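Enquirer: Please see the structure below; I have some questions.
Nothing in this text is a laboratory measurement; each read-out follows from the coordinates by a stated rule. Bear in mind the structure is a predicted one, so any value in this text is a computation, not a measurement. Cβ sites come from the backbone with ideal geometry, for glycine too, and all protein chains shown count toward neighbours.
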């Protein structure tokens, strides 16, 4: 059966890109093809604002090559959008008519608001930030948005981008010290126009190729242990260090930098200058990378039309349901394990044996629902697969550090296996934090054993201290013997963590108690 496919062509000022999405078994569309051409249309825009004939030919040739791909995939629904280079062209009508006459596509020129809004939609639907400022540096324009409580508050489109900054201020392949000062002076004038930027102290969220390259360069520079840049966090100091490192290099050295696309070597320094300068204006220490951008925003809008909403109510929940479908998670079982985990954790907190912070609640919910995820691949080595899958898969709404925390808790098997999984990330956490995640993992493992037969028989859990021992009362609505056997095997992990003997009473009424 032929899979449903959907295509988007993004005609940017620097690159033209075709992305094909294919509907997967979960019903959602995922990226299956991504083709890019570095066209640099902005360089063909004259001072009078006319896109030269050579530039139009580059556009037509690129779209004709793309249509070979779209015809092969039998795509009928293709959205072709253009941003600053075509938007700023005075001969826009001529461009659009030629595209319609000579290719399979018709161009929709996005307004400044639409371009900024799609970037904002991509961020709030794939990242955990409720408040922030987005920046999308293209070749010929730079879009900024301010969102609060996940709602767009302000937007602005500046008529400069990484390519136009290079063209306006840089004579050679890389900027000189005086040219960098000229760029900074220009940026100060431009950003001072917006009174909603100064000293906001909100995260700056970078969208687009230049931002992605900065994150990739930094990851290579520090030998980052995870793959993927979406939701990657850098500090102001990190940005300044990368900026300094890039400026000290020759052009040939820049072209060989790991993580930097060779075609961006001449425009990366102007782009980093924009990020660095804007972070100073905002007064923020946080730069976050969104791999989702304009195309994804268009995609989110298209896919949510029937639901009359463009912003997902909860990004993490959307991600969990995607994982559940991809790895055949039994949702009823997962929710029951989560409920038992929360009951045990809160009883331990009441007893003064566990300290829970605000963020621990969501960690526990997600990790317990995803416990034993790796059995989808192999039941015998489930914990290893669980850790690898969760640590290395992008999970929208979870920053990288949070993703590792969830992976550590959800993959807990025993302390030896836990330490092996945590070894690469010991510098990310304090010893106390690692001990706490290990304890939560043991709690999840015990809760999982309480639903060993997936009958969801546990209704309530209580805890009492008897001297130095802990006594759990497990209230069940059906026979509990299979669960009792599993708990007997697994309670030792929690005993080792708490350094206490644990007794567990199973009962379905106060008069009917079994003790072991």
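Enquirer: Using Cα atoms only, what is the angle between the long axis of helix 400-410 and the major principal axis of the chain, expressed in degrees (0 to 90) to the nearest 10?
Expert: Taking Cα atoms only, the helix is inclined about 20 degrees.
Enquirer: Quick one: length gained pulling residue 454 to residue 240 fully straight, 0.36 nm per residue minus the C-alpha distance? Write out the running numbers ahead of the final one.
Expert: Values: separation 214, 0.36 × 214 = 77.04 nm, distance 5.29 nm.
Result for the pair: 71.8 nm of gain on full extension.
Enquirer: Can you check what the Kirkwood hydrodynamic radius comes to for segment 113-291, Cα pairs only, in Å to one decimal?
Expert: Numbers: mean 1/r = 0.0618 Å⁻¹.
When all Cα pairs of segment 113-291 are included, the Kirkwood radius is 16.2 Å.
Enquirer: How would you rank 58, 416, going from fewest to most other Cβ atoms within 10 Å of each one's own Cβ? Mind showing how you got there, number by number?
Expert: Details: 58 19, 416 7.
Lowest to highest Cβ neighbour count: 416, 58.
Enquirer: Alpha carbon centre of segment 140-159 versus segment 433-450: separation in Å?
Expert: 42
Enquirer: In addition: How much length, in nm to one decimal, is gained on full extension between residue 182 and residue 428, taken as 0.36 nm per residue of separation minus their Cα-Cα distance?
Expert: Details: separation 246, 0.36 × 246 = 88.56 nm, distance 3.88 nm.
Extending this stretch completely gives an extra 84.7 nm.
Enquirer: Mean residue ellipticity at 222 nm from the helices of the chain, using -39,500 (n - 2.57) per DSSP H segment of n ≥ 4 over the full residue count, to the nearest 500 deg cm²/dmol? Intermediate results must be reported in sequence, preceding the final value.
Expert: Values: 19 runs with 234 residues, N = 516.
Mean residue ellipticity at 222 nm (helix-derived): -14000 deg cm²/dmol.
Enquirer: For the chain, take the longest principal axis of its alpha carbons; what is the angle in degrees between that and the long axis of helix 112-124, to the nearest 10 within 0 to 90?
Expert: 20
Enquirer: Which FRET efficiency value, to the nearest 0.05, do you get for residue 57 and residue 106 by plugging their Cβ-Cβ distance into 1/(1 + (r/R0)^6) with R0 = 25 Å? Provide the component values of the computation, followed by the final result.
Expert: Numbers: r = 18 Å, r/R0 = 0.74.
The computed FRET efficiency comes out at 0.85.
Enquirer: Computed over the Cα atoms, what is the radius of gyration of segment 95-198 divided by 2.2 N^0.38 Å, N being its residue count? Display every interim value, and only then the final one.
Expert: Numbers: Rg = 16.9 Å, N = 104, 2.2 N^0.38 = 12.8 Å.
My calculation over the Cα atoms of segment 95-198 gives 1.32.
Enquirer: Which whole-number percentage describes the relative contact order of segment 332-515, with Cα contacts under 8 Å and a sequence gap of 6 or more?
Expert: 21
Enquirer: Next up: When N is the residue count of segment 451-507, what does its C-alpha Rg come to as a fraction of 2.2 N^0.38 Å? Walk me through the numbers on the way to the answer.
Expert: On the way: Rg = 11.6 Å, N = 57, 2.2 N^0.38 = 10.2 Å.
It is 1.13.
Enquirer: Can you tell me the mean projection area, over all orientations, of the convex hull of segment 5-109's alpha carbons? Units nm², please. Please report the intermediate quantities before stating the final value.
Expert: Working: hull surface 24.9 nm².
Quarter of the Cα hull surface area: 6.2 nm².
Enquirer: Quick check: residue separation of residue 419 and residue 50 times 0.36 nm, minus the Cα distance between them. What number comes out in nm? Present the calculation step by step, with values, prior to reporting the outcome.
Expert: Numbers: separation 369, 0.36 × 369 = 132.84 nm, distance 6.20 nm.
So the chain would gain 126.6 nm between residue 419 and residue 50.
Enquirer: Another question, then. How far is it, in nm, from the label point at residue 247 to the one at residue 30 when both lie 7 Å from their Cα along the line to the Cβ?
Expert: In this crude label model, residue 247 to residue 30 measures out at 4.2 nm.
Enquirer: Let's test the formula: R0 of 35 Å, r as the Cβ-Cβ distance of residue 255 and residue 97. What FRET efficiency results, to the nearest 0.05? Walk me through the numbers before you get to the answer.
Expert: Working: r = 38 Å, r/R0 = 1.10.
Approximately 0.35, to the nearest 0.05.
Enquirer: Over what distance in Å are the Cα centres of segment 337-402 and segment 273-288 separated?
Expert: If we compute the Cα centre of each part, the gap is 34 Å.
Enquirer: Tell me the label-point distance for the pair residue 72, residue 380, using the 7 Å Cα-to-Cβ offset, in nm and rounded to one decimal.
Expert: Reported label-point gap for residue 72 and residue 380 is 4.1 nm.
Enquirer: Right, here's the next one. For an R0 of 45 angstrom, estimate the FRET efficiency from the Cβ-Cβ distance between residue 468 and residue 330 and round to the nearest 0.05.
Expert: Values: r = 38 Å, r/R0 = 0.83.
The value I calculate is 0.75.
Enquirer: Quick one, which of (i) 98, 66, 42; (ii) 90, 54, 40; (iii) 91, 54, 50 is the actual Cα extents along the principal axes in Å calculated for this model?
Expert: Checking each listed value against the structure points to (ii).
Enquirer: Shifting gears a bit: Determine the relative contact order of the chain: mean sequence separation of Cα pairs under 8 Å and six or more apart, normalised by residue count, in whole percent. Working shown, then result.
Expert: Details: 886 pairs, mean separation 55.6, N = 516.
For the chain, the relative contact order is 11 percent.
Enquirer: What angle do you read, to the nearest 10 degrees and between 0 and 90, between the alpha-carbon axis of helix 315-326 and the longest principal axis of the chain?
Expert: Once rounded, one gets 70 degrees.
Enquirer: Once a ≥ b ≥ c are taken as the square roots of the eigenvalues of the Cα gyration tensor of segment 382-432, is the result rounded (a/c under 1.5), prolate (a/b larger than b/c) or oblate (a/b not larger than b/c)?
Expert: Oblate, because a/c is 1.5 or more while a/b does not exceed b/c.
Enquirer: Sort 366, 110 so that the residue with the fewest other Cβ atoms within 10 Å of its own Cβ comes first and the one with the most comes last. If you can, show how the numbers build up before the last one.
Expert: Details: 366 26, 110 22.
Neighbour counts put them in this order, fewest first: 110, 366.
Enquirer: Could you put 420, 295 in order, starting from the residue whose Cβ has the fewest other Cβ atoms within 10 Å?
Expert: Working: 420 13, 295 21.
Starting with the residue having the fewest Cβ neighbours, the order is 420, 295.
Enquirer: Tell me, how many Å apart are the Cα centres for segment 161-179 and for segment 34-56?
Expert: First find each Cα centre; the distance between them is then 18 Å.
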